[in-house]
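In what follows, a structure is listed as structure tokens, so that the remarks can point back to it.
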Amino acid sequence: QKEVEQDPGPLSVPEGAIVSLNCTYSNSAFQYFMWYRQYSRKGPELLMYTYSSGNKEDGRFTAQVDKSSKYISLFIRDSQPSDSATYLCAMSQNGQNFVFGPGTRLSVLP
Amino acid sequence: DGGITQSPKYLFRKEGQNVTLSCEQNLNHDAMYWYRQDPGQGLRLIYYSQIVNDFQKGDIAEGYSVSREKKESFPLTVTSAQKNPTAFYLCGSSGAGSTNEKLFFGSGTQLSVL
């Protein structure tokens, strides 16, 4: 079993839809959780950062962490074509060694 | 403008040649990282450094070397021993204070073999 699992997609949705992206993990010691957006051949951009469990909201983006289920989610409301990218989840036990999921490729169709 | 600068954007390597990828940050971050990204795969850690003059191997260090002589700089050399170097290379950094435990990335270098 991989340490972090993420559905690679591709995921296609119409403009305006609510998008749900998910990662599961096996290491219960992870405390720091991040979501990145990566456009093709660009560096990943940090979207959301959460410490421990709970929800965090920033504009159209909401990150959720459920440590009991070892499951994290990123929701995108009112999705736009400009949201089309690969979304990477990442997590860390100590804030120094980061483990990444393989990424989910999202297409938002106009 | 604060950030992480990687250069060059594209790099070509001939067989038997060593090439060096540059990474510079002006975020005053202590930790710096090199990752390799292959199509459809997650980021794999090559090397990381928590402080100047010290670095540790990651999961796929064979065929690579690094140095950390300055806090701002963490160059990666892809040696001729790396037989499959074609990939997208990402440099990252993380630091102390309010941004601690948050990992930021540069824009990447695409390395290809001629």
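Just for the range A:29-55: of the residues that are more than 13 Å from every other protein chain (Cβ to nearest Cβ) and part of a strand (DSSP E or B), which one is most open to solvent (accessible area, probe 1.4 Å)? Talk me through it step by step, then tell me what you get.
So in the range A:29-55, the residues more than 13 Å from every other protein chain (Cβ to nearest Cβ) come out as A:29, A:53-55.
The next check asks that each one be part of a strand (DSSP E or B); those that pass are A:54-55.
Values: A:Gly54: 27, A:Asn55: 111 Å².
Checked the range A:29-55; the qualifying residue most open to solvent (accessible area, probe 1.4 Å) is A:Asn55.
Across the range A:83-103, the qualifying residues are those that are more than 7 Å from chain B (Cβ to nearest Cβ) and assigned to a loop (DSSP other than H, G, I, E, B), and the one among them that is surrounded by the fewest Cβ atoms within 10 Å (Cβ to Cβ) is A:Asn94. Scanning the range B:34-78 for residues that are assigned to a loop (DSSP other than H, G, I, E, B), of a type in the set (A, V, I, L, M) and free of Cβ contacts under 8 Å to residues at least 24 places away in the same chain yields B:Val52, B:Ala61.
Given the structure, is A:Glu5 at pLDDT below 95 and either under 18 Å from B:Gln41 (Cα atoms) or in contact with a Lys or Arg (Cβ under 6 Å, 6 or more places away or on another chain) (or both)? Talk me through it step by step, then tell me what you get.
Values: at pLDDT below 95: yes; either under 18 Å from B:Gln41 (Cα atoms) or in contact with a Lys or Arg (Cβ under 6 Å, 6 or more places away or on another chain) (or both): yes.
Yes; evaluated as a whole, the condition is true for this residue.
Can you tell me which residue is least open to solvent (accessible area, probe 1.4 Å) among those in the range B:79-91 that are closer than 22 Å to A:Arg41 by Cβ and assigned to a loop (DSSP other than H, G, I, E, B)? Taking the candidates together, the pick is B:Pro85. Can B:Glu101 be described as over 21 Å from A:Pro102 (Cβ atoms) and without any contact (Cβ under 8 Å) to a residue 40 or more places away in the chain? Yes.
On the stretch given as the range A:56-68, residues that are assigned to a loop (DSSP other than H, G, I, E, B) and touching a residue at least 24 places away in the same chain (Cβ under 8 Å) total 1.
Number of residues in the range B:1-58 that are open to solvent by 70 Å² or more (accessible area, probe 1.4 Å) and facing another protein chain (nearest Cβ under 10 Å): the value is 5.
The values are calculated or read from the model by the stated rules, or taken from the named source; none is laboratory data. Fair warning: this is a prediction, and the values are worked out from it, not measured in the lab. For neighbour counting, all protein chains shown are included, and Cβ atoms are generated from backbone atoms with ideal geometry for every residue, glycine included. In case anyone asks, the SASA skips ligands and DNA or RNA and just uses the protein heavy atoms, side chains included. Shrake-Rupley method; radii C 1.70, N 1.55, O 1.52, S 1.80 Å.
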